[in-house]
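Below is one structure, written out as structure tokens, with a few remarks after it.
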Amino acid sequence: MPPDMPLGLRPVLGIESSCDETAAAVLDGNGRVLAALVASQEAEHAPFGGVVPEIAARAHLALLPDLVRRVMASAGLGYGDLGGVAATTGPGLIGGLVVGSLLGRGIALAAGLPFVAMNHLEAHALTARLPGLVSAEGAPFPYLLLLISGGHCQLLAVEGVGRYVRLGGTVDDAAGEAFDKVAKLLGLGWPGGPLLERLAASGDPARFAFPRPMLGRAGCDFSFSGLKTAVAQTVARFGTGALPVALAADIAAGFQRAVAEVLADRVSHAMALFARREGAPVAGARLLVVAGGVAANGAIRAALAAVAGTHGFRLAAPPPALCTDNAVMVAWAGIERLRLGLTDRLDAPPRPRWPLAELAGAA
Ligand code: KG4
Ligand code: ZN
């Protein structure tokens, strides 16, 4: 790194530890990924059928320092070469947030670098702006974002860095949470989403008429707990033993179709709202970005692509590795903030609850 390179053009280190992925990444000032690693804790949590906060905190503590050393070594950089450090500071599980944000702050303090206390939802929201992902120069503002993961289920109008308008969200479970709970009912492992999708491939989605919560209702909110209860009641009808595979596949397919239809319906309402709010696009079609682990689901992507097409939107989904929790998105959102001079104090506390509406943004 040339010693006289301005701070704003230098690489940025990103750290993610808000749930059960321990991740670190270094991006150059233009958003090119120089090194990125994710250590999944799936094996530690799987025996419990979900994320155990204390196990997650200990795993972050054990894994993160070495992960950061390894991405820096693989990028061929020392801390003095960086232009800033961004670490997820909320929302999420407090143990992991403390580990990651304190490590990030420590590095920033020791190397005299600007620090960005990153909001995890903002990092997901800005991923589509990484150059080369959705288009060569990244998604232009504004765009509509559907964030569907194990912990989040939200529709946002992304208008600028720090400027997010929440159009709707779940009133109970997140979409991924519903997948995980139904997978558990069907005797599959954890996380259940990918296993349920595989099973659903051989099932008949029309055999069971599961409810479509919120379908056709005004607004853009979601609800999945009634659907999950309906699946539980159906499973209970067949007794307490293991279900025959063909039956489980039909239930999985019926559930997945119900989720896909509900998501498509809520998104169609959001697209109408977005179009009214933002007006005509400057060029080309409006953009619907889908992110979060559930965005990996083929049936859901297909339903979203179809509904986007009928509303004059183009569906864009970052590759799965950038849809699920990762540190590339944290470093990139950090670069966006650093470019605008939006840095944070080193005493910014971790925030387990941190709605996007409370973010400090660009004017
Ligand atoms: O974004 P993510 O890795 O972590 C957070 O929750 O933040 O999302 C994980 C969630 C889990 O609930 C998982 O079951 C779900 O995404 N998921 C899927 C699929 N792959 C992952 N759900 C449905 N179909 C999939 N193929
Ligand atoms: Zn996430």
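The values are calculated or read from the model by the stated rules, or taken from the named source; none is laboratory data. Note that this is a predicted model, so its numbers are computed, not measured. Here Cβ is always computed from backbone atoms with ideal geometry, including for glycine, and neighbour counts include all displayed protein chains. The area values use the complete protein model at the heavy-atom level, side chains included, leaving out ligands, DNA and RNA. Shrake-Rupley method; radii C 1.70, N 1.55, O 1.52, S 1.80 Å.
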For the stretch 66-147, the percent of all C-alpha pairs falling in each 10 Å bin, from 0 up to the bin holding the max distance, is 16, 36, 36, 12
Please check: in the Gaussian network model of the chain (C-alpha springs, under 10 Å), which one of Gly83, Gly219, Gly168 has the largest mean-square fluctuation. Gly219
Relative to the longest principal axis of the C-alpha atoms of the chain, give the angle of the C-alpha long axis of helix 225-237, reported between 0 and 90° and rounded to the nearest 10°. 40
Antiparallel bridges, percent of DSSP beta bridges restricted to the chain (to nearest 5): 60
Ordered by residue, what ³J(HN,Hα) values in Hz, to whole numbers, does the stretch 129-145 give under the Karplus form 6.51 cos²θ - 1.76 cosθ + 1.60, where θ = phi - 60° and Gly and Pro are x? 8, 4, x, x, 8, 8, 8, 3, 9, x, 5, x, 6, x, 9, 9, 10
Which residue, Gly138, Gly241, Gly162, has the most motion in a Gaussian network model of the chain that connects Cα atoms within less than 10 Å? Gly241
For the chain, give the magnitude of the charge dipole about the Cα centre (Cβ charges: +1 Lys/Arg, -1 Asp/Glu; no others), in debye to the nearest 20. 600
Cut-off 10 angstrom, C-alpha nodes, Gaussian network model of the chain. Which of Ala252, Ala305, Ala174 fluctuates the most? Ala305
Per residue, in Å², the accessible surface of the chain once ligands and nucleic acids are set aside, probe 1.4 Å: 40
If every Lys and Arg gets +1 and every Asp and Glu gets -1 at its Cβ, then about the Cα centre the stretch 143-317 yields a dipole, in debye to the nearest 20, of 200
In degrees, nearest 10, range 0 to 90: what is the angle between the Cα axis of helix 53-75 and the longest Cα principal axis of the chain? 50
Could you check how much of the accessible area of the chain is carbon and sulfur, as a whole percent, using a 1.4 Å probe? 58
Please turn the phi angles of the stretch 105-116 into ³J(HN,Hα) values with the Karplus equation 6.51 cos²θ - 1.76 cosθ + 1.60 (θ = phi - 60°), one per residue in order, whole Hz, x for glycine and proline. 5, x, 5, 4, 5, 5, 9, x, 10, x, 10, 10
So for the chain, taking the charge dipole from beta-carbon charges (+1 Lys/Arg, -1 Asp/Glu), which of Gly31, Cys220, Gly203 sits furthest toward the positive end? Cys220
Once the dipole of the chain is set up with Lys and Arg at +1 and Asp and Glu at -1 on Cβ about the Cα centre, which of Ser18, Leu304, Gly83 lies farthest towards its positive end? Leu304
With both partners inside the stretch 143-317, how many of the DSSP beta bridges are antiparallel, as a percent to the nearest 5? 55
Rounded to the nearest 500 deg cm²/dmol, what is the calculated helix-only ellipticity per residue at 222 nm for the chain, with -39500 (n - 2.57) per DSSP H run of length n ≥ 4? -13000 deg cm²/dmol
Report the charge-dipole magnitude of the stretch 35-94 in Debye, nearest 20, computed about the Cα centre from +1 at each Lys and Arg Cβ and -1 at each Asp and Glu Cβ. 100
With Cα coordinates, the longest principal axis of the chain makes an angle with the long axis of helix 175-185, in degrees rounded to 10, of 50
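Please express the shape of the chain as an equivalent ellipsoid: the semi-axes are the square roots of 5 times the eigenvalues of the C-alpha gyration tensor, given largest first in whole angstrom. Numbers along the way, then the final one.
Numbers: eigenvalues 258, 122, 52 Å².
Gyration-tensor ellipsoid for the chain: 36, 25, 16 Å.
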